[in-house]
Amino acid sequence: MSLWNILLDTLTQGSIYFLIAVGLTMVYGILKILHIAHAAVYTIGAGVGLAVFKLTGSFWLALIAAMLVSGLVGVIIYRGVYFYMLDQPRIVPLITSVGLFLLIEDLLQKPYLMGPYQHAFPAQEVFPSITLPWGTIPNAQVMILTLTGVALVALYLIFTRTRLGLAWQAAAQDREMAGSVGINLNRAIALNFLLGSALAGAAGVLVGVFYNSVYATMGDVPSYKAFVVIVLGGMGSVTGTLAASFLLAFAETVLLASVGYVLPRDAIAFLVLIFVLMFRPQGLLGR
Amino acid sequence: MRSQKLLVILLVLSLLVVLAGGCGQSKPKSYKIGLFSPTTGFAAADGTSALHGAELAVQYINDHGGINGVKVELVHYDDAAKPDQAVNVAHKLIEQDKVIAAVSGSYSGATRAASAVFQDAGVPMVAAYAVHPEITKTGDKIWRVGTLAVVEGKVGGALAVDKLGAKKIALLTIDNDFGTSLANAFKEYVTAKGAEIVFEEKYPLGEKEFRPILNRIKEANPDVVYASGYYNEAANIVRQAKEVGLNAQIIGQEGYDSPKFLELAGDAAEGVIITTDLNRDSDREITQWFIKTYKEKYNLDADMVGASTFDAVMVLAYAIEKGGTKADGIVKALGELKDFEKAATGPFYKFTPGREVMRPLGAQVVKGGAFHFFAEFDDPALITPPW
């Protein structure tokens, strides 16, 4: 297998991991909550995206609708649930989050919502495939790579160039102190959930199109895999999450492309995690 | 006065006894057949197809006068494809609902667990599409209408080398009992015929990202890729094979046999050939009735899982009609079954002493977004179950 294929597969797989995990990292950074139900928000995004795509035939409308609805669901989860648990021990929101995830997933599986079946999301043609001198990038991969690129730039600008980004950074360092110097914490946290969940919704649509399948239990693997990514990256560090996403994708791709499935994909991920934590207990870029 | 009163009471009592006795003599209101299949959880799609298939069988039987004039009633519970839940459901079907016989519309793990309960209780059970060899070895009450993976693998081999003339073959196998049995039987057949296995790899259930593996298969340059898996893995395999430019003929098996495979794989499914026991182009009356009614009733195309569960109920109804409602009679009738025509995936020639069904197996090719007839395998050397 050529270097080009390894590079391409690593970049796509890493982008997918990043889009799903970045919202979790943001939530953890500011609230120190392990937000398992994020995986359900991702599924909701995929479902809404597919429904809008079927209605309108427009991929872009579907993406926007998915991000809006997922973002709102994220805010509702924060204001309706976690908001009341901020002063509780961490185990309380964690368990609530697991329950919430299972509840939403079971609801989505009802016949009047997504039902038991997988559904095709045939929007791959929206993007062209690009032929470069050393190989071709198929259209679905062009989509993942460009949109992840856009999200990365946007996140970078928001975090470094806006007051909101500063407020998030301050709140992540010390929530009470940030509140006492006049940062509107409720607004900052709600916006944090809005953006993180909207990105999960976008990830749902992209993964749905990429694998041409959307279904109620598609959040099962991300619900635990995303945690490998954020722990590996250093809890709460967005750049760390980025690094971890691509490191994991690289390890998995290289192993599968050279020796094959000596281990299941997820086992590779956990081995990488254990190995890194042995030398850097705080994660790749954690403090 | 006192004695008169006593007499009246005695008369009323004796009348009640006579009435109650009379009731016992008359026909029961219905025959209950139990079904367990996963309608929630990761296997919900197959479990729902199984439920549909069983419902259609009951509809067919009752529309044709029931069993000796008695209606069939289906009792269904969800086992979520989990062995522990399947055991609970089996107890419920036996003790609470007192079913005459049961059908498994679930996966191998759950079916194995439940079959022990049915065997112990002496209630006959027919497995629809669970393929683990151990299921029927549980005991004399446990039967199966699905095709064993060893038979299907051999037929896949015959398809590859005898029908398609493959010389260099790549194997991409799903890492579970089903995939392993298929691959072993396939390999044995094709290597005996002089074909060469140029690539072999296993992948875990639920995998979505096959590009790294498919790129390696492409380098091995096979004529045929024998890829096992269920419809979601299969759809990703054929889509991504097209993307990486792997043009070898892909041969699948009944795991692909779902309208969802066609939907998810889209154009990439064209030309894929699978071995399966549901022939869409069959001119048999029961198969056409099944395919047509399934589509009308559920607004979905029928699949192998639904058809197999349909057949499991049909074959049980036949056995109850022939052998009565006692377990021994049902078991005896199944053992003596010959050329059973009322099966959507049939005909069933007979059951072997190991309680496996012997029947022809077909190959279907995807053309114009639908499965169509490609070949039929009827050679006893190929289709006879090994026990």
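The values are calculated or read from the model by the stated rules, or taken from the named source; none is laboratory data. Keep in mind it's a predicted model, so treat the numbers as computed, not measured. Note that we place each Cβ from the backbone using ideal geometry, even for glycine, and neighbour counts take in every protein chain shown. All accessible areas refer to the heavy atoms of the entire protein, side chains included, with ligands and DNA or RNA removed. Shrake-Rupley method; radii C 1.70, N 1.55, O 1.52, S 1.80 Å.
Results, tabulated for the structure shown:
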quantity: Among the candidates B:Arg216, B:Arg211, residue that is on the phi < 0 side of the Ramachandran plot, open to solvent by 10 Å² or more (accessible area, probe 1.4 Å) and not β-branched (Val, Ile, Thr); calculated: B:Arg216
quantity: Residue identified as outside any helix (DSSP H, G or I) and modelled with pLDDT under 95 among A:Met1, A:Met26; calculated: A:Met1
quantity: Tally of residues being within 7 Å of chain A (Cβ to nearest Cβ), within 19 Å of B:Ala269 (Cα to Cα) and among the basic types (Lys, Arg) across the stretch B:194-228; calculated: 2
quantity: Helices (runs of 4 or more DSSP H) wholly inside the stretch B:277-387 containing at least 3 residues that are among the β-branched types (Val, Ile, Thr), modelled with pLDDT under 95 and under 19 Å from B:Ala149 (Cβ atoms); calculated: none
quantity: Count - residues of the stretch A:32-52 that are surrounded by fewer than 20 Cβ atoms within 10 Å (Cβ to Cβ) and assigned to a helix (DSSP H, G or I); calculated: 1
quantity: Single match in A:Thr160, A:Thr136 (criterion: outside any helix (DSSP H, G or I), open to solvent by 20 Å² or more (accessible area, probe 1.4 Å) and at negative phi); calculated: A:Thr136
quantity: Scope the stretch B:76-116; condition in contact with a Leu (Cβ under 6 Å, 6 or more places away or on another chain) and without any contact (Cβ under 8 Å) to a residue 60 or more places away in the chain; matching residues; calculated: B:His76
quantity: In the stretch B:229-279, residue surrounded by the most Cβ atoms within 10 Å (Cβ to Cβ) [restricted to those that are more than 25 Å from B:Phe310 (Cβ to Cβ), in contact with a helix residue (DSSP H, G or I) (Cβ under 7 Å, 6 or more places away or on another chain) and more than 10 Å from every other protein chain (Cβ to nearest Cβ)]; calculated: B:Val238
quantity: Count of the stretch A:246-260 residues which are facing another protein chain (nearest Cβ under 9 Å) and open to solvent by less than 30 Å² (accessible area, probe 1.4 Å); calculated: 5
quantity: Residue under evaluation B:Tyr349, criteria (1) in contact (Cβ under 8 Å) with a residue 24 or more places away in the chain; (2) assigned by TED's automatic domain parsing to the domain that holds B:Val305, criterion not met; calculated: (1)
quantity: Residue pairs meeting the criteria (Cβ under 8 Å; at least 6 apart or on separate chains; first under 12 Å from B:Thr384 (Cα atoms) and open to solvent by less than 20 Å² (accessible area, probe 1.4 Å), in the stretch B:353-365; second polar (S, T, N, Q) and part of a strand (DSSP E or B)); calculated: B:Leu361/B:Thr275; B:Leu361/B:Thr276
quantity: Test result for A:Tyr84, hydroxyl-bearing (Ser, Thr, Tyr) and open to solvent by 30 Å² or more (accessible area, probe 1.4 Å); calculated: yes
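So that you can scan it fast, the table gives a plain yes or no per residue for (1) within 14 Å of chain B (Cβ to nearest Cβ); (2) surrounded by fewer than 21 Cβ atoms within 10 Å (Cβ to Cβ); (3) farther than 30 Å from A:Gln169 by Cα:
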position	(1), (2), (3)
A:Ser2	yes, yes, yes
A:Gly14	yes, no, no
A:Lys54	yes, yes, yes
A:Val73	no, no, no
